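Participant: Encoded as structure tokens, here's the structure I'll be asking about.
Here, each number is a calculation from the coordinates, and none is a lab measurement. Please read these numbers as outputs of a predicted model, since none were measured by experiment.
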Amino acid sequence: MNDLEHILIDDMELYQERLNVREKQRREESKATSVNQHKLELSKKESSLEQIKTDLERSQSKLLQIKTDLERGHPPIDIFSRSNQNSARSQVSRSCITIFATAKPFVGHSRVIQRNALKSWTLLEPRPEIILFGDEQGAAKIASELGLRHIPNVKRNEYGTIFLNDMFEQAQRISSTDILVYVNADIILTSDFMPAIDKVKAKFENFLMIGRRNDVDIPVMLDLGVYDWENQLRELVARSGKLREDCYIDYLVFTRNLWPQIPNFLIGRVAWDNGLVYMALNSKKPIVDATKANLVIHQNHDYSHVPGGIQEVWEGVEAQHNRSLIPPEALGYGLISYANWELTLSGILPHNT
């Protein structure tokens with residue numbers, strides 16, 4: 001074999017080796033492309049399943065509302081009949097707001113005042129969608145008794161305190177309405193509430209409605225729903241109630257996604273409510289003080305449910321956590337008195353702070 005043949009053989013071996021390398025690279029690239037396509041398809045399926053889950057949760061919420069309406073004497077409808085589709089939508093649309101809350105364990109005096117509060121919400125007309133978050137003792141039972149939607153799973157910190165942002169995000173995701181209301185579970189709402197919201201939503205597309213509360217002592221379970229129960233409560237407030245300062249914010253009525261992102265505040269500790277009001281004010285959102293047109297009743301209680309009591313609520317580690325999430329000026333400006341609008345018996349007026 002001469003030198004030329006040796007050279008040709010070497011070249012052929014080198015060429016074959018290069019072909020083998022290229023073929024290996026092609027197979028690896030093909031495999032990677034296949035994996036990426038598989039991941040993409042998996043992601044699409046997961047997204048589709050998440051949408052189905054959300055749609056199912058909203059449908060369950062709407063069905064619960066229809067069941068409640070039927071129990072309250074509204075005429076039954078066949079929601080699966082094509083001829084009754086518009087009627088079904090009308091029945092569901094009776095809930096124009098979603099109220100959501102979390103509660104302390106339903107024991108002792110907390111059981112009394114929280115049942116009073118939740119019962120008053122069910123008597124609003126039209127009846128709202130109501131969601132109760134948390135797995136505290138007695139929550140599932142009261143939800144079943146009053147026809148509330150119960151969501152036991154909500155994110156908590158190492159002390160068991162609920163993260164506000166998780167609760168708000170869940171409520172907005174599963175709500176069947178575009179107006180949501182967070183209310184503390186010791187607040188009795190009156191017939192002023194729904195008309196106040198109607199007036200505000202008629203003027204503003206996006207808004208936050210807040211207001212001052214009236215404190216009263218209510219040691220017993222109230223027989224709400226009987227004749228003249230609300231007037232009796234109004235008389236009690238007039239006799240012995242105390243209108244609290246503008247830093248006590250026990251309810252927030254807001255349009256969906258009013259806050260693009262909510263900090264991980266801890267519920268039941270100070271500063272989170274002032275923080276949310278300040279954030280809305282800072283983003284130039286309409287904030288309406290409804291105090292003069294909406295009687296809200298707070299039932300007095302102690303703080304035995306919190307280790308360390310009221311001192312822990314105001315100055316403890318979790319209170320400091322909430323304060324760390326907002327600028328210092330939020331505590332001074334995130335107040336009801338800094339609302340830029342005011343709902344009065346004469347209508348909605350610019351609020352002079």
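Participant: Over region 162-291, what is the relative contact order in percent, taking alpha-carbon pairs closer than 8 angstrom and at least six residues apart?
Facilitator: 43
Participant: Tell me, what is the Rg over Rh of region 142-200, with Rh the Kirkwood radius over Cα pairs?
Facilitator: For region 142-200, the value is 1.00.
Participant: Just list whichever of Lys155/Lys199; Lys242/Lys292; Lys119/Lys201 have alpha carbons separated by over 23 Å in the model shown. Don't skip to the answer; put the middle values down first.
Facilitator: Working: Lys155/Lys199 34 Å; Lys242/Lys292 14 Å; Lys119/Lys201 25 Å.
Checking Cα-Cα distances, Lys155/Lys199; Lys119/Lys201 exceed 23 Å.
Participant: Between Phe265 and residues 5 or more places away or on another chain, which pairs have amide H atoms under 5 Å apart, with H built 1.01 Å from N, and which residues are they?
Facilitator: Amide H neighbours of Phe265, under 5 Å, 5+ apart: Leu164, Asn165.
Participant: Just the C-alpha atoms of region 108-152: what Rg/Rh do they give, with Rh taken as the Kirkwood radius?
Facilitator: Using Cα coordinates only, the ratio equals 0.95.
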